[in-house]
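**Q** Below is one structure. I have some questions about it.
The values are calculated or read from the model by the stated rules, or taken from the named source; none is laboratory data. All values reported here derive from a predicted model rather than from experimental measurement. Please note: Cβ atoms are built from the backbone with ideal geometry, for glycine as well, and neighbour counts cover all protein chains shown.
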Amino acid sequence: MQLTILDEQHVRLATVGDGFDVVGEHFGPLQMLATSLALCTASVVQAYGDTAQLNLEGFEVDVRWAYVDDPYRVGNFDMTLLLPPTVPPQRHKAVIRAANTCTVHHTLQHHPHIATDVAVLDPTLPQTEAHHHHVHQA
């Protein structure tokens, strides 16, 4: 797969090739979030395509987002499924339905609870263990 970062608020995932390559600059947390949505979507669409015996070679997922205030955050994602011409138009709605079953899509739509805690690393432990051992502060 190849992820292309087109600008600060736009990524495109191409489902071709082996491995995972990133092209472009500024692969930060929000690009990673959009990439998670694109990867999950690509996975469920490809599974649907296998079941429906659709040729999805060259399929891509394009994700853009915009920010909103109060609090400052991503306010919306606009996702476009770039289907090859081998997918008949009468199957497009079914592909969208499949895409909307992605776990990341559901997670973003249903506001997960996020719990934040603090842990203190133990500097007396070897580095690999220090990251796994912590003491909770009340």
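**Q** Return the only residue of Thr103, Thr116, Thr128 being farther than 23 Å from Ala14 by Cα and at pLDDT 90 or above.
**A** Answer to the check: Thr116.
**Q** Continuing with this model, one more query. Among the residues of the stretch 55-80 satisfying the criterion of being in contact with a Leu (Cβ under 9 Å, 6 or more places away or on another chain) and in a loop (DSSP other than H, G, I, E, B), which is nearest to Ser36 (Cα to Cα)?
**A** Filtering first and then ranking leaves Phe59.
**Q** Within the stretch 46-102, take every residue that is of a type in the set (Asp, Glu) and exposed (fewer than 12 other Cβ atoms within 10 Å of the Cβ) and give me the one that is farthest from the chain's Cα centre (by Cα).
**A** Asp70
**Q** Would you confirm whether any residue within the stretch 86-99 is in contact (Cβ under 8 Å) with a residue 40 or more places away in the chain, farther than 19 Å from Arg12 by Cα and not aliphatic (A, V, I, L, M)?
**A** No: zero hits.
**Q** Of all residues in the stretch 51-73, which are modelled with pLDDT under 95, within 19 Å of Met1 (Cα to Cα) and of a type in the set (D, E, K, R)?
**A** Selection gives Glu57 alone.
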